[in-house]
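Chemist: Just passing along the structure, written as structure tokens.
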Amino acid sequence: MRQSSKDYKRIVIKIGSSLLYKNKKLDYSILKAISRQIVPLVKKGKEVVLVSSGAIALGMHILGLKERPRELSHLQAVAAIGQNELMNAYRNFFNKNNFVAQILLTWEDFNSRKRYLNAQNTLNGLMDYRKYGLTGIIPVINENDTVSTEEIKFGDNDKLSALVANLINADFLIILSDVDGLMDKNKKTVRVVSEFTAQVKELASPTDKKTSVGGMVTKLEAAKIAVDSGIACLLANGRRRDIIFSALKAPQSSGTLFLPKRAYFELKKRWIAFGTRPKAGIIVDQGAKKALLNKKSLLCVGVIGVKGVFETGDIVNIIDNQGCEFARGKARISSNALDKVKGSRQAKEVIHCDNIAILNNV
């Protein structure tokens, strides 16, 4: 764990669409309450970034729709209408001494290393302005639903919030929803999760809400990305009074706290592990898998197959002979070239150890 809760400085807060509705009616009071908690934190020097759902939900409300459009073009149109409404709401709720900076992202902004670093520089630049006395800049991030297609969609803002926390090397990720946290089989809140076991994953269930996507499954996936990156993550009920203040003061009693790993990915490997969507893979034998788990590079001799097409510099899945993806890495050779030399005894390096992120140690 990098630091205690009192030392959290860079904080990402995710606000779910489910918080915008109360008794099936649009409710702005939650956005107002959360905004009012953020203002004093920013004034005290905390660096707060919001990842806010709600554009599609607000667009649906404006258009009088009761269900999410299924046709992509209609969904994009609804998002375009709702995004402006969402930003207006935040501008109204943050006082006049604070500035709202809107940032819309898609998978392409993470998948490309250049665009990833550009997004990182933009967010860091916004937070750097406090050096010049502009302490009240609050970035508000959402998926760019107006142009996203299925190929470049995150699918939910839970994962986006974890990737943003990763992107800016945050200390704390707070995911606010309409639930008190992860519930055990007796419907009691699990206060602390120190390891993602099979039993923990079994407690998750998907959402069936009309205005949102995701559910507990996606929240657990987001929490795992955070803790694997050394970032503490709290899942809490955004409707609780002063929940953000409580989360920073006593996170273990405010919801479900996911403890960060002590041995976590450094920044570049976080991008390799989580910030990309590999479309191809390399299949390795057990000897190569053992070597990779021991922080060695991947050589041609350990490769038994190529899955899909990739070029030099692409991020690929690394798969064992049982079909399990256990790592990702940046290829130093194309799939076409590798297919010709796989299994050979020459000590040609396929992926350098510095460019390999181990996802699963078993």
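Just so you know, all these numbers are worked out from the coordinates, no wet-lab data involved. Quantities reported herein were computed from a predicted structural model and do not represent experimental measurements. Positions of Cβ are generated from backbone atoms using ideal geometry, with glycine treated the same way; all protein chains shown enter the neighbour counts.
Chemist: Taking the chain as a Gaussian network, where each spring joins two C-alpha atoms under 10 Å apart, which residue of 277, 70, 239 fluctuates the most?
Modeler: Answer for the Gaussian network model of the chain: 70.
Chemist: By Kyte-Doolittle mean hydropathy of at least 0.0 and Cα axial length of at least 15 Å, which whole DSSP H helices of the chain are selected? Mind dumping the intermediate values first?
Modeler: Working: long enough: 29-43 (22 Å, 0.82); 72-93 (31 Å, 0.04); 113-128 (22 Å, -1.11); 216-228 (18 Å, 0.65).
Span-like helices, by this rule, are 29-43, 72-93, 216-228.
Chemist: Can you pull the one-decimal nm distance between simple spin-label points at residue 73 and residue 304, each 7 Å off the Cα toward Cβ?
Modeler: 4.9 nm
Chemist: Classify region 278-358: rounded, prolate or oblate, from the alpha-carbon gyration tensor (a ≥ b ≥ c, eigenvalue square roots; a/c under 1.5 rounded; otherwise prolate if a/b is larger than b/c)?
Modeler: Values: a/c = 1.22, a/b = 1.10, b/c = 1.11.
It comes out rounded by the Cα gyration axes.
Chemist: For residue 202 and residue 264, what is the calculated FRET efficiency with R₀ set at 25 Å and r taken between the beta-carbons, to the nearest 0.05?
Modeler: Details: r = 25 Å, r/R0 = 0.99.
It comes to 0.50.
Chemist: Now a separate question. Could you list which residues have their amide H under 5 Å from that of residue 102, counting only those 5 or more apart in sequence or on another chain, with H placed in the peptide plane?
Modeler: Correct list: 140.
Chemist: Show the residues, 5+ positions off or on another chain, whose built amide H is closer than 5 Å to the amide H of residue 318.
Modeler: 282, 326, 327, 328, 329
Chemist: With loop defined by DSSP as not H, G, I, E or B, and exposure as at most 16 other Cβ atoms within 10 Å, which is the longest segment of the chain clear of exposed GluC sites (Glu not before Pro)? Walk me through the intermediate numbers first.
Modeler: On the way: sites that count: 67, 71, 195, 266, 311.
By the stated rule (loop sites, at most 16 other Cβ atoms within 10 Å), 72-194.
Chemist: Quick one: Karplus J couplings for region 250-266, per residue in order, coefficients 6.51, -1.76, 1.60, θ = phi - 60°, nearest Hz, x for Gly and Pro?
Modeler: Per-residue couplings from phi come out as 8, x, 5, 10, 10, x, 9, 9, 9, 7, x, 6, 6, 9, 10, 5, 6 Hz.
Chemist: List the residues, sorted by chain then number, that are 5 or more residues from residue 179 or on another chain and whose placed amide H is less than 5 Å from its amide H.
Modeler: Answer set, sorted by chain and number: 238.
Chemist: Can you work out the PRE-style zone for residue 354? Point 7 Å along Cα to Cβ, and I want the residues of region 299-319 with backbone N under 20 Å.
Modeler: 299-300, 312-316
Chemist: Let me ask something else. Once you list every other residue whose beta carbon is under 11 Å from the beta carbon of residue 104, what net charge do they have if Lys and Arg are +1 and Asp and Glu are -1?
Modeler: Overall, the nearby charge balance is -3.
Chemist: Something else now. How far is it, in nm, from the label point at residue 344 to the one at residue 286 when both lie 7 Å from their Cα along the line to the Cβ?
Modeler: In this crude spin-label approximation the distance works out to 2.7 nm.
Chemist: I've got another one for you. Only sites in a loop by DSSP and with at most 11 other Cβ atoms within 10 Å count here; which trypsin sites (Lys or Arg not before Pro) in region 76-115 make the cut? Don't skip to the end; give the middle numbers.
Modeler: On the way: sites: 91, 96, 113, 114, 115; in loops: 96.
Sites meeting the loop and neighbour criteria: 96.
Chemist: I'd like the antiparallel share, as a percent to the nearest 5, of DSSP beta bridges with both residues in the chain.
Modeler: Values: 22 of 53 bridges.
Antiparallel bridges: around 40 percent, rounded to the nearest 5.
Chemist: Filter the trypsin sites (Lys or Arg not before Pro) in region 270-362 down to the DSSP loop ones having no more than 11 other Cβ atoms within 10 Å, then list what survives. Intermediate values should be presented prior to the final figure.
Modeler: Details: sites: 270, 279, 289, 290, 295, 296, 307, 328, 330, 332, 340, 342, 345, 348; in loops: 279, 295, 296, 332, 342, 345, 348.
Filter output for region 270-362: 295, 345.
Chemist: My understanding is that a pair violates if its Cα-Cα distance is over 26 Å; which of 43/224; 9/159; 9/268; 66/185 do that in this structure?
Modeler: Values: 43/224 30 Å; 9/159 21 Å; 9/268 22 Å; 66/185 32 Å.
Cα-Cα > 26 Å for 43/224; 66/185; rest within.
Chemist: Run the quick spin-label model on residue 108 and residue 245: label points 7 Å from Cα toward the beta carbon, then report their separation in nm to one decimal.
Modeler: Label at residue 108, label at residue 245, 4.4 nm between them.
Chemist: If you take the beta carbon distance between residue 23 and residue 169 as r and set R0 to 41 Å, what does 1/(1 + (r/R0)^6) give as a FRET efficiency, to the nearest 0.05? Intermediate values should be presented prior to the final figure.
Modeler: On the way: r = 40 Å, r/R0 = 0.96.
About 0.55, to the nearest 0.05.
Chemist: In a GNM of the chain with a 10 Å cut-off on Cα contacts, which of 97, 317, 166 has the highest mean-square fluctuation?
Modeler: Highest fluctuation among the options: 97.
Chemist: Given Cα pairs under 8 Å that are at least 6 residues apart, what percent is the relative contact order of the chain? It would help to have the intermediate numbers written out before the result.
Modeler: Working: 742 pairs, mean separation 58.0, N = 362.
Relative CO of the chain lands at 16 percent.
Chemist: Under unit Cβ charges (Lys, Arg +1; Asp, Glu -1), what dipole magnitude, rounded to 20 debye, does the chain have relative to its Cα centre? Kindly include the intermediate steps, with their values, before the conclusion.
Modeler: Numbers: 57 positive and 34 negative charges, 195 e Å.
Approximately 940 debye in magnitude.
Chemist: Please work out whether region 25-180 counts as rounded, prolate or oblate from its C-alpha gyration tensor, where a ≥ b ≥ c are the square roots of the eigenvalues and a/c under 1.5 means rounded, while otherwise a/b larger than b/c means prolate and anything else oblate?
Modeler: Oblate is the answer for region 25-180, as a/c is 1.5 or above yet b/c matches or exceeds a/b.
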